[in-house]
Every structure is written in C-alpha cells, then in structure tokens.
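**Student:** Take a look at this one; I'll ask things after.
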C-alpha cells in the first residue's frame, strides 16, 4: 500500500460530540492532479481551510493527508461531522466552492462518505486507508 502521511488531528467546533458515543459522519476526499505541480496549490488551499476548522459548526475534526510520491501526488482530507447536514453546509461554503471550481479541471476527485457507529479515530483512519488503496 502507498505511504500516506497524515497531518495532526485538527479539532472542530463540535469536538465535544466525539465523546458522546453517538454515530458520526465521515467524509474522505482524494484529489489526484493531472500535473504534479498542481499539488502545491491544492495543499496550500487545504491548509487554509484547515485553519477555519475550530469555528465550523458540526465539525468534530479532520486530518489532511498526502502521499509522498512526487511523480503522482495525491492528497485530501478525512473529516468527521456530527451530521450529514453539517457536512453539506461545509461543502456549500463559498471558500470551499471557490477552491473546488478552481481545481475541478486540474485533476480527478474521489470521495466517500459513511456513517460510523461512533467516533473511533483508528477505525476511521483504517477505513479511509482502505478506500484510498482502491484503484480510482
């Protein structure tokens, strides 16, 4: 399996929900640029969005991730949400939409969303790794 490097966990505004034992929504995104040099811009914008996480309603937290393969870089996020509505509200945010529009023709995007029975970071990351190891 390809190496995946994870940034530190970034807690969101709903971080206390993580200890509730209730189900959570997990979203995994993967962006593979058509040209490797595009990866830097995507990573920079991802880090900018990450800075807003502590104030995002319904966001439990997130990890940014990337692969160290300079010839075929991939990157994305694993985000954990209180509800699907919270995730959809983030996806519709103006700053997120701007980034998605700017890069939609510069690479391939895959996503997967599921409900996890409870907040379990190792299980979430392992499920994300399994998805990311699948061929696009």
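**Student:** Please find, among 46, 58, 76, the residue that is buried (at least 18 other Cβ atoms within 10 Å of the Cβ), free of Cβ contacts under 8 Å to residues at least 60 places away in the same chain, within 21 Å of residue 126 (Cβ to Cβ) and touching a strand residue (DSSP E or B) at 6+ places or on another chain (Cβ under 6 Å).
**Tutor:** Result of the check over 46, 58, 76: 76.
**Student:** With the requirement that a residue be buried (at least 16 other Cβ atoms within 10 Å of the Cβ) and either more than 24 Å from residue 3 (Cβ to Cβ) or without any contact (Cβ under 8 Å) to a residue 24 or more places away in the chain (or both), what does region 117-136 give you?
**Tutor:** If the condition is that a residue be buried (at least 16 other Cβ atoms within 10 Å of the Cβ) and either more than 24 Å from residue 3 (Cβ to Cβ) or without any contact (Cβ under 8 Å) to a residue 24 or more places away in the chain (or both), then 119 is the only one that fits.
**Student:** If we keep just the residues of region 61-73 that are touching a helix residue (DSSP H, G or I) at 6+ places or on another chain (Cβ under 8 Å) and at pLDDT below 95, which is farthest from residue 125 (Cα to Cα)?
**Tutor:** 73
**Student:** With the checklist (1) in contact with a helix residue (DSSP H, G or I) (Cβ under 7 Å, 6 or more places away or on another chain); (2) under 22 Å from residue 4 (Cα atoms); (3) in contact (Cβ under 8 Å) with a residue 60 or more places away in the chain in hand, flag the one item residue 114 doesn't pass.
**Tutor:** So the condition that residue 114 fails would be (1).
The values are calculated or read from the model by the stated rules, or taken from the named source; none is laboratory data. The structure presented is a predicted model; accordingly, all values stated were derived computationally and were not measured. With ideal geometry, Cβ positions are generated from the backbone for all residues, glycine too; neighbour counts draw on all protein chains shown.
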